Amino acid sequence: MSTVPDDRFELPENFGPGSVWADRSGERTLMGRNQRGVEIPIGHGEGEINPGELLKLALIGCAGMSSDVNLARRLGEGFDMRLWAHGTSDKAENRYLSIAEEVQLPLEGLTESEISTVVKVFGRAVAAGCTVERTVVPGVEVTHRVLGAEQSEQEPKA
């Protein structure tokens, strides 16, 4: 189901695949949309997600999608994964100075060497494939940690 914005405004010249838009729905409240019909209420109220949360979700969503195929090869097709992103904006600078990402994976039963490989695979897949992080990182430090793999070497960000 492909959708386009209503006709209140003319479509911009650059509108095309990958375009998203947000319509004002109230004071400091927007409805974000994509061409597949997904709607996301943006704001600071109940049932809304704020822009900082969207940024963090974009980062962990990209990390999860970038690492999924490679992790499935090591953990099995139906593996569980939960990603977290933590960080609050610095009010004085009005920006995020750092965002900490963490991933939870089923590491039980894996050897130290296998865990180390999973950590490396995750880090490398994200570094190579996450367009969002590759765009954001020049401006904000983003760190990754595989929870439960603290004994294994966590590969530092380049």
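The single condition among (1) of a type in the set (Lys, Arg); (2) surrounded by 12 or more Cβ atoms within 10 Å (Cβ to Cβ); (3) more than 28 Å from Ala149 (Cβ to Cβ) that Lys56 does not satisfy is (3). Under the condition of being outside any strand (DSSP E or B) and surrounded by 10 or more Cβ atoms within 10 Å (Cβ to Cβ), the residues counted in the stretch 1-53 number 18.
Looking only at the stretch 109-123, residues that are touching a residue at least 24 places away in the same chain (Cβ under 8 Å) and either within 16 Å of Ala58 (Cβ to Cβ) or out of contact with any helix residue (DSSP H, G or I) (no Cβ under 8 Å at 6 or more places or on another chain) (or both) come to 6 in all.
From Val103, Val140, grab the single residue that is open to solvent by less than 40 Å² (accessible area, probe 1.4 Å), within 29 Å of Gly18 (Cα to Cα) and at pLDDT below 95. Just a single option satisfies the conditions, and that option is Val140. Filtering the stretch 106-133 to residues that are of a type outside the set (A, V, I, L, M, F, W, C), open to solvent by 70 Å² or more (accessible area, probe 1.4 Å) and under 17 Å from the mean Cα position of the chain (by Cα) leaves Arg124, Thr131. Evaluation of Asn94 against the conditions (1) polar (S, T, N, Q); (2) touching a strand residue (DSSP E or B) at 6+ places or on another chain (Cβ under 7 Å); (3) on the phi > 0 side of the Ramachandran plot shows that the sole unmet condition is (2).
Any residue in the stretch 5-13 that is at pLDDT below 95 and of a type in the set (Phe, Trp, Tyr)?
Initially, the stretch 5-13 is screened for residues at pLDDT below 95, giving 5-13.
From what's left, of a type in the set (Phe, Trp, Tyr): 9.
Yes, the stretch 5-13 contains at least one residue that is at pLDDT below 95 and of a type in the set (Phe, Trp, Tyr).
Just checking, how many residues over the stretch 76-92 are over 19 Å from Glu133 (Cβ atoms) and open to solvent by less than 80 Å² (accessible area, probe 1.4 Å)? Residues flagged as over 19 Å from Glu133 (Cβ atoms) and open to solvent by less than 80 Å² (accessible area, probe 1.4 Å) within the stretch 76-92 amount to 4.
Hey, any hits in the stretch 64-75 for a residue that's farther than 26 Å from Arg134 by Cα and exposed (fewer than 12 other Cβ atoms within 10 Å of the Cβ)? Lay out the reasoning, then the answer.
Just the residues of the stretch 64-75 that are farther than 26 Å from Arg134 by Cα, to begin with: none.
Checked against the condition, which is being farther than 26 Å from Arg134 by Cα and exposed (fewer than 12 other Cβ atoms within 10 Å of the Cβ), the stretch 64-75 yields no hits at all.
Per the conditions (1) among the basic types (Lys, Arg); (2) modelled with pLDDT of 95 or more; (3) surrounded by 11 or more Cβ atoms within 10 Å (Cβ to Cβ), the sole criterion not satisfied by Arg95 is (2). Among the residues of the stretch 71-102, those identified as more than 17 Å from Glu141 (Cβ to Cβ), of a type outside the set (D, E, K, R) and within 17 Å of the chain's Cα centre (by Cα) are Leu71, Met81, Leu83.
The values are calculated or read from the model by the stated rules, or taken from the named source; none is laboratory data. As the structure is a prediction and not an experimental result, all values here were calculated from the model. Glycine gets a Cβ as well: all are built from the backbone with ideal geometry, and neighbour counts include every protein chain shown. Just so you know, the surface numbers come from the protein's heavy atoms only, side chains and all, with ligands and any DNA or RNA stripped out. Shrake-Rupley method; radii C 1.70, N 1.55, O 1.52, S 1.80 Å.
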